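Heads up: the structure comes next, in structure tokens.
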Amino acid sequence: MIEVPEMIAESGGTTLDLCYQCGTCSGTCPWNLVRDFRVRDILTRAQLGLEGYEGEDLWMCATCNACVDRCPQGVEIVDLVRTIRMLIAETGAAPKTLRAVLGSVQSNGNPWSGDAEARMGWAQGQPVRLFDGTPEYAFFTCCTQAYDPRNAKVIRATAKVLDAGGVSYGFVGGGEWCCGDAVRKTGAETGFGRLAAHNIGVLNDLGVRRLLVPSPHCLNTFKKEYPDLGGKWEVTHVVELLRDLVRGGRLALKNAVPAKAVYHDPCYLGRNNGVYDAPRDVLHAVPGLELMEFARTREEAVCCGGGGGRLWMEAPVEERFAVLKLREAVAMGADTVVTACPYCISMFEDAKTALGLDQVRVADVVEIVAEALQAH
Amino acid sequence: MEPRIGVFVCHCGTNIAGVVDVRRVAEAAAAWPDVVYATEYKFMCSDPGQGMVKDAIVKHNLTRVVVAACSPRMHEPTFRKACAMAGLNPYLFEMANIREHCSWVHEDKEAATLKAIDIVRTSVAKARLLEPLQARVVSVTPKVLVVGGGVAGIQAALDIANAGTKVVLVERSQSIGGHMAQLDKTFPTLDCSACILTPKMVQVAQHPNIDLMTWSEVESVEGFVGNFKVKIRRKARYVDEATCTSCGVCLEKCPKKVPSEFDEGMMTRKSIFRSFPQAVPGKPVIDKESCTYFKNGKCKICEIFCEPKAIRWDDEDRVVEESVGAIIVATGMGLIDPHGLGQWGYGRFPNVLTGLEFERLNNATGPTGGRITCKDGSTPKSVAILHCVGSRDRNHKEYCSRVCCMYALKFAHLIKEKTHATVYNFYIDMRCFGKGYEEFYNRLLHEGVKFIRGKAAYVTNQALTDEETGHLVVSAESTTLGQVLRVPVDMVILASAVAPQKDAEAVARLFGMGRSPDGFFMEKHPKLEPFSTATDGVYLAGSCQSPKDIPDTVAHGAAAASTAMSLISRGTVEVEAAVAEVLTDSCSGCKICQDVCPYGALSFHADTRVAEINGSVCKGCGTCVATCPSGAIVGRHFNDRQILAQIDAAFLW
Amino acid sequence: MSHEFEPRIVVLCCNWCTYAGADLAGTSRMKYAPNVRLVRVMCSGRVDPSFVLRAFQDGADGVLIAGCHPGDCHYINGNLKTLRRYPALETLIAQFGIEPDRMRLEWISAAEGDVFVHVVNEMTEQVRALGPLDWKRRTAMTVPAAESHTAG
């Protein structure tokens, strides 16, 4: 029998005590746009030391952080959910689909059952510069970009844009493993520790000082979780660097990219790291592109549904946040959804397929920029 | 003669004795040089405790007394008085703080007892070197400055004036009345706010003992308890008050409209204006910032239509000086900026209002003449009132704003009465603690107002169903039902948090007050002296101290007035004897002390070529003492020998 | 009894802000290291550099000077005089070979009981890490005795 409150307190979840049951978390949670889910129930059970986390409810939270931002008592809800997942997972109650993913992480160093040796396969044999300690930035590839064919296009576009901007960088080059964000959020703390230790070793051995990342999830993990474990680098998301390049006149965005584009804020870029303006500044600089906003945007933005391990879990079409958002985009007359996160790209591409919306384009900011750079 | 020191160690029930071994402390003290008597007792501050001190002074011929108990900020005056009653100069008393600084902050009993012994030894070391001082008695200027003309300031001013003492009431806006004048009805009695307030406002204007200065601000405060000198900036009104007949023609004719502060920007006023129809004084002022004439030199329409010829274009700001014995700060409260509360839709959706905006909407003198309507003029069929918007929220204000639950109930009643709309209250806890408040809540339950126990998470106009289309939707979990609800409504009222006034920091500095962590002005004691400040002679009234409803504000104003009056009636006050003194023989005349004295108490005597100190201006900070390169200034009661002796005794080195 | 070194820290604090802040820590029943002894002056501006040296000379391992926040001084600006004097004091103790971390100047208001607790705990650990000062053994030099300053 697990003494849940004590275990949570040991795991640092002391803010749980402060919950005064106002329900702001449940009322804020995007799940309730599509189905019933009350995160407060999880907290109340933990507070009272009650058992009975039924079914897969505990793994529904997409860790979008909207409730944490709004909680009037400063309860670290996502951390608590992660801790409770960890405790429950120890009893072997983690969802089956996640077990396969975690198994792949364990054996391949990535969640996509991809061959570890093939991590640089996205380059399709084209020469790319590997980081050898001399360039300014080391580029840490996201697993999802390395192994998912759709996202591999984004990383190829990224290489092109960075080259055009004259950025001094090199790819870490295949030795890296998954940053471990989703692994940790599903409750697999040991697995996360193993990934982090490996990556810290690899990056420190390479003499990395500044890290460039394409995924907001990598950004958040490297910035907020690795430092405690000995990994301390200056971490920049690609879109932040792009903004600086555009501002500094180092990227000539001359070609029109005619699009009515709506920007979707990735939770781990916006809410978690406060990067709201950089992607918008870049998009504003693209000729021919009209930038639109979702009704709930920036701090209020609704999640794509892919965080916290949800990327690998199934939800009926009508219960997918990305479907909801895609419909909103179409209703407002947008023809393109732009974002800056591999998970968001996957979730929106899936939603597009599910809805059969061939006319809508899902794109990363980098892809738009690459197009604006192309010569006719 | 060697000093004869008595040491009295207090148990404070178990507050001290529960952690500190008080007997050991007394025994340790008994062994020190010059300590001729040492004992411990349950409550030193009690009558028998004070009696012990008095008896021991006589019986053991004590020439110094040390009481080891609570903070001197608490009971130093008590024991000084007890000493004086037994014939000992009160400045020969010293207090050792072994409660706030020891038993309450440590758990290890051994460490706490050793520390308590050190603290008492430090006090004994100082006591040994204490010198008798005579408190100076100065007269009190029989006049009180009241700052702020809301209901707190009005109450305080009237109480003092009715007691026969002169009052200067300073208000920065055009009229007195404050927030209460903006309200339509008051809870829980539902009596008309203006109807009960305006008679008091008129009394203020007519009272022979009250000098009312609106459109004015306090600029500087000097002096000390009983003898403050205050400079007040009387802003140019451009309307001669003696000549103006308050006919109001200028208000109609002035072509320049600006948003009305009184109406929360929901209506306009003119550049020549009075805040509201029942304003006191009723004579308008010209707001120079917006006036067309002051902007481009043309217009003067008000002057053309002013029959009694009261417009004065050459009017200027005047700074007047007043001498007062006491100051009552009644500067009131502000509201949190609702623009920072994005999730609840303020500023994005026109039918999301703050509580004060709704007050104006509902008021007969407001933008709709008191009809409750949406921005498009339609009558709302459903209204949501969101409690705790910015209150009880670590992202904004951590405290409870104290008035919202009740005004939310009042709003609910008025909305029901006027529109028959369905009213939803989204609340965390209903806090109906005052007289008649719980009864009012019951009445509202009877009236069919809906209460949803859950804080509103956000307001959106994004419909998910046909039922929601065209409405504002409030998302909240009903925590009693265990279900997240989406409630479509036509209007949302935010019970937005009460906040300190935006310039509270500057005002605190002006009057030498502190602020508590919530940003409101800090009282001397949260229970026993909520109307006094750490600065003698400066008192607090109303919601500048903490959020208050009207009954509490009025009571607070009256309390501040009576405290000020007891000072005024006494006519004299003892002021700090612990001030600086110049040793003329040692003074080199370098004048450095003059530069460092914050009060200009030091001057250079042209004939004797040495520094001279004005004892009634000096407040005893000791900065000059620490600065004087010749050691020629003594800080009485905190002299170098005393302080060094304390340092020497701080530990058993 | 443990033989761990327990630092001895003298706090020279003003009556209006820091002393009251320490009172608030007490009334709020916050807990902090029992290594400090407070000596109250009316204003931090009263803190004569000789007080600090005397404390070190007596055997203190650390000295904390604490007063009102700039702008909040009960005596208008006495604390600013302290602030102005402080760099000279820092230079002085450095000349005596005393580590800079053994002396601190902090602004702690009457509302900041938590800050008082934090500063005391932090400084206690800071000084504990430095070990005993042992002034007398470190320097043969003696500070001008207080008696020569009895005028004050």
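Label B:E219 and B:K435 with points 7 Å out from Cα along Cα→Cβ: what is the distance between them in nm?
Between B:E219 and B:K435, the simple spin-label model gives 4.4 nm.
Need one number: buried accessible surface between chains B and C, 1.4 Å probe, both sides summed, DNA, RNA and ligands left out, in Å² to 100.
4700
If you average 1/r across every pair of different Cα atoms in the protein assembly as shown and take the reciprocal, what Kirkwood value do you get, in Å?
34.9
How about the range C:1-45: which of its residues lose at least 50 Å² of accessible area in the presence of all protein chains relative to their chain isolated, using a 1.4 Å probe?
Correct list: C:R8, C:Y19, C:D23, C:R29, C:K31, C:Y32, C:P34, C:R37, C:V39, C:R40, C:M42.
What residue among A:D281, A:D364, A:D181 has the largest mean-square fluctuation in a Gaussian network model of chain A, using Cα springs under 10 Å?
Among A:D281, A:D364, A:D181, the largest GNM mean-square fluctuation belongs to A:D281.
Which residue fluctuates most in the GNM of chain C (Cα springs below 10 Å): C:A66, C:A25, C:A129?
Highest fluctuation of the listed residues: C:A129.
Run the quick spin-label model on B:K231 and A:E290: label points 7 Å from Cα toward the beta carbon, then report their separation in nm to one decimal.
Result for the modelled spin labels: 6.0 nm.
Compute the whole-percent fraction of alpha carbon pairs in chain B spaced more than 37 Å apart.
Here the tail beyond 37 Å accounts for 52 percent of pairs.
List the extent of the Cα atoms of the range B:1-91 along each of their three principal axes, largest first, rounded to whole Å.
37, 27, 21
On a C-alpha basis, how far is the centre of the range A:320-376 from the centre of the range B:543-602 in Å? Whole number, if you could?
68
Over the range B:164-238, with the other protein chains present, what is the accessible area per residue in square angstrom, probe 1.4 angstrom?
37
Quick one: compute the contact order of the range B:334-499, relative version, from alpha carbon pairs under 8 angstrom and 6+ residues apart, as a percent.
31
Which of the pairs A:K153/A:K325; B:K257/B:K288; B:K619/C:K81; B:K185/B:K381; A:K185/A:K325 have their Cα atoms more than 18 Å apart in this structure?
In this structure, A:K153/A:K325; B:K185/B:K381; A:K185/A:K325 lie more than 18 Å apart at Cα.
Just the number, please: carbon plus sulfur as a percent of the accessible area of the range C:21-90, 1.4 Å probe, no ligands or DNA/RNA counted.
Ligands and nucleic acids excluded, carbon and sulfur give 59 percent.
Using Cα-only point scatterers and the Debye equation, what is log10 of I(q)/I(0) for chain A at each q in 0.07, 0.12, 0.14, 0.15 Å⁻¹, rounded to two decimals?
Here the Debye-derived log intensity ratios amount to -0.30, -0.91, -1.23, -1.40.
Give the B-A buried accessible area in Å², both sides summed, 1.4 Å probe, nearest 100.
Chains B and A together bury approximately 2000 Å².
Ignoring ligands, DNA and RNA, what percent of the 1.4 Å accessible area of chain B is carbon and sulfur?
Carbon with sulfur: 51 percent of the solvent-accessible area.
Return a whole-number percent for the relative contact order of chain B, with Cα pairs under 8 Å and 6 or more residues apart as the contact set.
With pairs under 8 Å counted, the relative contact order is 13 percent.
Hey, what did the range A:250-373 get for relative contact order, percent, Cα under 8 Å, at least 6 apart?
34
What list of whole percents do you get for P(r) of the range A:250-373, with Cα-Cα distances grouped in 5 Å bins up to the one holding the largest distance?
Once binned at 5 Å, the Cα pair distances of the range A:250-373 give 2, 12, 23, 24, 21, 12, 5, 2, 0.
For B:L485, list long-range residues whose amide hydrogen, built 1.01 Å from N in the peptide plane, is under 5 Å from its own amide hydrogen.
B:A476, B:E477, B:S478
If each DSSP helix of 4+ residues adds -39,500 (n - 2.57) and the sum is divided by the residues in chain B, what number results at 222 nm, nearest 500 deg cm²/dmol?
Value at 222 nm, helices only: -8000 deg cm²/dmol.
What 222 nm value per residue comes from the helices of chain A, counting each DSSP H run with n ≥ 4 as -39,500 (n - 2.57) and dividing by all residues, nearest 500 deg cm²/dmol?
The helix-only estimate for chain A comes to -12000 deg cm²/dmol at 222 nm.
The values are calculated or read from the model by the stated rules, or taken from the named source; none is laboratory data. Small disclaimer: the values here were computed from a predicted structure and weren't measured. As a convention, Cβ positions derive from the backbone with ideal geometry for all residues, glycine included, and neighbour counts pool all protein chains shown. Ligands, DNA and RNA are stripped out before the accessible areas are found, and what is left, the full protein with its side chains, is counted by its heavy atoms. Shrake-Rupley method; radii C 1.70, N 1.55, O 1.52, S 1.80 Å.
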